[in-house]
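Everything below concerns the one structure shown next.
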Amino acid sequence: MSYLKRRLEERLKDPKFRQEWEDSELEYVIARNIIHLRKKNILHKVNLLKR
């Protein structure tokens, strides 16, 4: 297991950290999808600005 995964496991034991981590999941999913679409050249910054 990588250092990052071990560290995350440790931090997730803290209820406050776990709540913040879970609350940020939607933002992470949205950002990941935007990156994926940009890589596929489907979504451009210009298109984002127009929306």
Taking only pairs six or more apart or across chains, which ones have beta-carbon atoms under 8 Å, a first residue in the stretch 9-29 that is free of Cβ contacts under 8 Å to residues at least 40 places away in the same chain, and a second residue that is among the hydrophobic types (A, V, I, L, M, F, W, C) and in a loop (DSSP other than H, G, I, E, B)? Arg18/Leu12; Trp21/Leu12
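For the chain, which helices (runs of 4 or more DSSP H) that fit wholly inside it have 1 or more residues that are surrounded by 10 or more Cβ atoms within 10 Å (Cβ to Cβ), under 11 Å from the mean Cα position of the chain (by Cα) and at pLDDT below 90?
Working: elements: 3-11, 15-23, 25-39, 45-50.
Here the list reads 25-39.
The values are calculated or read from the model by the stated rules, or taken from the named source; none is laboratory data. The shown structure was predicted, so the numbers you read here are calculated from the model rather than taken from an experiment. When we count neighbours, we look across all protein chains shown, and the Cβ atoms used for this are built from the backbone with ideal geometry, even at glycine.
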